[in-house]
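**Student:** Questions regarding the structure given below will be posed in turn.
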Amino acid sequence: MTTAQTAQFHPDGRLRHLLTLEGVPRQTLLHLLDRAGQIRDAAVGRVSRREVLAGTAVCTLFFEPSTRTRSSFQLAAMRLGADVLNFDASTSSTRKGETARDTLKNLEAMGVRGFIVRHPDDGAVAALAAEAGEGTALVNAGDGRNAHPTQGLLDMLTLRQAKGADFSKLKVLIVGDVKHSRVARSDLHALRTLGAGEIRVCGPAELLPGDEVTAGCIVGHDLDAMLEGVDAVMMLRLQRERMEEGLVPSLEAYHARYGLTTQRLRRAAPDAAVLHPGTINRGVEMTDEVADGPQSWVLRQVANGVAVRMAVLEHLLG
Ligand code: CP
């Protein structure tokens, strides 16, 4: 096990932080997914807020932009009754050179006990977790290309809603920029742990990672062939901010080979679910017809994000 994997557990096996889905036991994943399923109505505001985290201060500490993750964590914490602080790196003392560690320790000194952290560097959230005091919990909201565990969980919850809880016969295809994707890594960890029947990974050779990421997957470059008969298609955003120049010659050429269109989607199982973590580059990773079409689960992923994040915060801090 890596340091991040071991550091996220208490000695008795309970989660102390959530840094990665790698090494999280199946039983823990199922517990979080079941709990998120139970509290979905509360998550989307159809029932009144709960007070599980009343008196607990939680901070979203983001050193990279976000719409979905940050907002849904904020809503999740508020719906659990927490006091929520939103740290904006662009208007903070980060601009004066304060380190992420010092920022965390200062906020911790003010009584913040839950930190939701996004950072551009692989391993940065685990490094911060190692500095946290007893009783402080960190959730990785995405570090570099390494991990985005709550996205992995919300994707699994969405697959369960779309296809049922038994993943053993499920054929899942992950498409696009897997190399730079923390979402893909977290999805792969969760799909393996939950026993997905077949995992396929497709993209241009220069955007696919090595065997250490795709071990056990069927890997290919021909999207039409890889789509045949799959039950779910997980499209990925092109992570251009993490790419070297020239990896994708043109967006038009990428779309022609790897864009999901209505016509292409017909190769998948008739009721195949289409997922995308956002931000969607419309007309690049998928057409509007697919993104907004009857097989799209994209907005249900977003709604599930609030429920999953409530379940995680409740588990770590409740
Ligand atoms: N899926 C996801 O991480 O979206 P944001 O970057 O908007 O948080």
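The values are calculated or read from the model by the stated rules, or taken from the named source; none is laboratory data. No experiment lies behind these values; they were computed from the predicted model shown. Note that we place each Cβ from the backbone using ideal geometry, even for glycine, and neighbour counts take in every protein chain shown. We work out accessible area using only protein heavy atoms, side chains counted, and drop any ligands, DNA or RNA first. Shrake-Rupley method; radii C 1.70, N 1.55, O 1.52, S 1.80 Å.
**Student:** On C-alpha positions alone, give me the angle between the axis of helix 149-163 and the longest principal axis of the chain, in degrees, nearest 10.
**Tutor:** 50 degrees
**Student:** Next question, about the same structure. To the nearest 10 degrees, how steeply does helix 26-38 sit against the main Cα axis of the chain, on a 0 to 90 scale?
**Tutor:** It is inclined by approximately 80 degrees.
**Student:** For the chain, what proportion of DSSP beta bridges, expressed in % and rounded to the nearest 5, is antiparallel?
**Tutor:** 5 percent
**Student:** How large a share of the accessible area of the chain, in percent, is made up of carbon and sulfur atoms when the probe is 1.4 Å and the other protein chains stay in place? Can you show the working numbers first?
**Tutor:** Details: 6550 of 13310 Å².
Taking all protein chains in place, the chain shows 49 percent carbon and sulfur surface.
**Student:** Please list 183-196, 275-288 highest first by mean number of surrounding beta-carbon atoms within 10 Å per residue. Before the final figure, lay out each step's value.
**Tutor:** Details: 183-196: 22.9, 275-288: 19.1.
Top to bottom by mean Cβ count within 10 Å: 183-196, 275-288.
**Student:** When every alpha-carbon pair in segment 147-274 is counted, what percent end up more than 25 Å apart?
**Tutor:** 19 percent
**Student:** With viscosity set to 0.692 mPa s and temperature to 37 °C, compute the Stokes-Einstein D of segment 267-306, Rh being the Kirkwood radius across alpha carbon pairs; µm²/s, no decimals.
**Tutor:** Working: Rh = 10.7 Å.
My calculation gives 308 µm²/s for D.
**Student:** Hey, another quick one. Excluding ligands, DNA and RNA, what is the solvent-accessible area per residue of segment 39-188 at a probe of 1.4 Å, expressed in Å²?
**Tutor:** Using a 1.4 Å probe on heavy atoms only, each residue of segment 39-188 averages 39 Å².
**Student:** Please compute the contact order of the chain in relative form: average sequence separation of alpha-carbon pairs under 8 Å and at least six residues apart, divided by the residue count, as a percent. Each step should come with its number before you reach the end.
**Tutor:** Details: 607 pairs, mean separation 65.9, N = 318.
That works out to 21 percent.
**Student:** Also: Using all C-alpha to C-alpha distances in segment 1-121, build P(r) with 10 Å bins and read off the rounded percent in each one.
**Tutor:** 11, 35, 40, 13, 1
**Student:** On a 0 to 90° scale, report how tilted helix 100-109 is relative to the longest principal axis of the chain, with both axes built from alpha carbons and the result rounded to the nearest 10.
**Tutor:** The helix 100-109 is inclined about 40 degrees to the chain.
**Student:** Along each of the three principal axes of the Cα atoms of segment 58-206, give the extent in whole Å, ordering the values from largest to smallest.
**Tutor:** 49, 38, 27
**Student:** Report Rg(Cα)/(2.2 N^0.38 Å) for segment 32-84, keeping two decimals.
**Tutor:** 1.17
**Student:** A further question on this structure: If Lys and Arg each add +1 and Asp and Glu each add -1, what is the summed charge of the other residues whose beta carbon sits under 12 Å from the beta carbon of GLU212? Before the final figure, lay out the partial values.
**Tutor:** Numbers: positive: LYS179, ARG185; negative: GLU22, ASP211.
So the surrounding residues net to 0.
**Student:** With a Cα-only, solvent-free Debye model of segment 142-220, what are the log10 I(q)/I(0) values at q = 0.19, 0.25, 0.26 Å⁻¹?
**Tutor:** So the normalised log intensities are -0.76, -1.25, -1.32.
**Student:** Using the Kirkwood radius over Cα pairs, work out the Stokes-Einstein diffusion coefficient for segment 102-164 at 4 °C and 1.567 mPa s, in µm²/s as a whole number.
**Tutor:** The estimated diffusion coefficient comes to 101 µm²/s.
**Student:** Starting from a Cα-only point model with no solvent, please compute log10 I(q)/I(0) by Debye for segment 150-190 at q = 0.22, 0.25 1/Å.
**Tutor:** Each listed q maps to, in turn, -0.74, -0.91.
**Student:** Another question, if that's okay. Rounded, prolate or oblate, given the Cα gyration tensor of the chain, with a/c below 1.5 counting as rounded? Each step should come with its number before you reach the end.
**Tutor:** Values: a/c = 1.75, a/b = 1.47, b/c = 1.19.
Verdict is prolate for the chain.
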